[in-house]
Amino acid sequence: GENVEQHPSTLSVQEGDSAVIKCTYSDSASNYFPWYKQELGKRPQLIIDIRSNVGEKKDQRIAVTLNKTAKHFSLHITETQPEDSAVYFCAASRSGGYQKVTFGTGTKLQVIP
Amino acid sequence: NAGVTQTPKFQVLKTGQSMTLQCAQDMNHEYMSWYRQDPGMGLRLIHYSVGAGITDQGEVPNGYNVSRSTTEDFPLRLLSAAPSQTSVYFCASSPGTISGNTIYFGEGSWLTVV
């Protein structure tokens with residue numbers, strides 16, 4: 001089955017700096033890569049996703065990149081703000097009908113004001 | 001839409017007790033699932049359902065049962081609670097579109113087994 005590894009497990013950045021979280025996956029048939037943000041005591045919520053037919057996707061201060069050859073994808077947050085502090089999970093799955101989604105182990109991001 | 005609703009939010013159980021975590025969704029999603037979240041281990045799939053009357057095991061199914069009698073409801077039963085089942089449980093649903101399986105989570109249930 002799919003295996004998703006996520007690094008780093010914790011990340012501290014100064015407000016205004018950029019943060020990068022990296023994930024690798026094992027199943028070459030995976031083609032859908034979502035990222036979830038989980039604030040303390042809350043549910044995970046989708047913040048951005050990318051499909052295998054594109055290499056990069058941006059949404060305001062966040063962007064995801066995908067390298068299918070190397071089987072890795074990354075989340076980039078620019079101009080970090082205190083409200084970006086949360087746990088971020090990457091995930092991977094195939095698409096079409098129901099497909100199990102495999103999550104990474106999470107990155108706790110702390111943005112220091 | 002309320003989305004995915006799960007109850008209770010907090011529960012303390014004694015070892016050996018049984019209980020049911022309730023989950024309901026009003027988005028008419030075909031797919032529903034249960035995850036547990038433990039520190040450093042991410043979100044692990046317990047059981048899932050691809051439609052009413054159909055369930056299957058996920059990554060960590062032991063000690064749990066599920067049923068799906070309607071599209072809306074997907075309860076999770078702990079048969080005989082053990083301290084190893086202390087965790088945060090999330091019910092989730094997804095439309096399972098052809099382009100990707102976006103998951104919508106409930107608010108979570110914090111379970112402590114003593």
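The values are calculated or read from the model by the stated rules, or taken from the named source; none is laboratory data. Owing to the predicted nature of the structure, the values given are computational and were not obtained by experimental measurement. No Cβ is skipped: glycine too gets one built from the backbone with ideal geometry, and neighbour counts run over all protein chains shown. Areas reflect the complete protein model, heavy atoms only, side chains present, ligands, DNA and RNA absent. Shrake-Rupley method; radii C 1.70, N 1.55, O 1.52, S 1.80 Å.
Any idea which residue in region B:96-114 is least open to solvent (accessible area, probe 1.4 Å), counting only those that are more than 10 Å from every other protein chain (Cβ to nearest Cβ) and more than 20 Å from A:L40 (Cβ to Cβ)?
B:V113
Residues of region A:20-61 being farther than 15 Å from A:S95 by Cβ, at the interface with another protein chain (Cβ under 9 Å from one of its Cβ atoms) and assigned to a strand (DSSP E or B), which ones?
Hits for region A:20-61 are A:Y36, A:Q38, A:Q45.
Among the residues of region B:64-87 satisfying the criterion of being without any contact (Cβ under 8 Å) to a residue 40 or more places away in the chain and assigned to a strand (DSSP E or B), which is surrounded by the fewest Cβ atoms within 10 Å (Cβ to Cβ)?
B:N65
Could you check, for region B:70-81, whether at least one of its residues is more than 8 Å from chain A (Cβ to nearest Cβ), under 22 Å from B:G40 (Cα atoms) and of a type in the set (F, W, Y)?
For region B:70-81, residues more than 8 Å from chain A (Cβ to nearest Cβ), under 22 Å from B:G40 (Cα atoms) and of a type in the set (F, W, Y): absent.
Find all pairs meeting these conditions: Cβ atoms under 6 angstrom apart; at least six residues apart or on different chains; first residue within region B:1-24 and at negative phi and of a type in the set (A, V, I, L, M); second residue surrounded by 11 or more Cβ atoms within 10 Å (Cβ to Cβ) and not in a strand (DSSP E or B).
Close Cβ pairs satisfying both conditions: B:A2/B:D26; B:V4/B:G106; B:L13/B:A81; B:A24/B:E72.
I want to confirm something. Restricting to region A:62-101 and keeping residues that are hydroxyl-bearing (S, T, Y) and facing chain B (nearest Cβ under 8 Å), which single residue is farthest from the chain's Cα centre (by Cα)?
Step one: of region A:62-101, the residues hydroxyl-bearing (S, T, Y) are A:65, A:69, A:74, A:78, A:80, A:85, A:88, A:93, A:95, A:98.
Restricting the remaining residues to those that are facing chain B (nearest Cβ under 8 Å) gives A:93, A:95, A:98.
Numbers: A:S93: 13, A:S95: 17, A:Y98: 21 Å.
The extreme case among them is A:Y98.
Only residues that are farther than 22 Å from A:D84 by Cα and more than 12 Å from the chain's Cα centre (by Cα): list them for region A:28-61, please.
Initially, region A:28-61 is screened for residues farther than 22 Å from A:D84 by Cα, giving A:28-32, A:51-55.
Within region A:28-61, A:S28, A:A29, A:S30, A:N31, A:R51, A:S52, A:N53, A:V54, A:G55 qualify.
Return the residues of region A:75-86 that are crowded, with 18+ Cβ neighbours inside 10 Å, outside any loop (DSSP other than H, G, I, E, B) and of a type outside the set (A, V, I, L, M, F, W, C); say none if nothing qualifies.
A:D84, the sole residue that qualifies.
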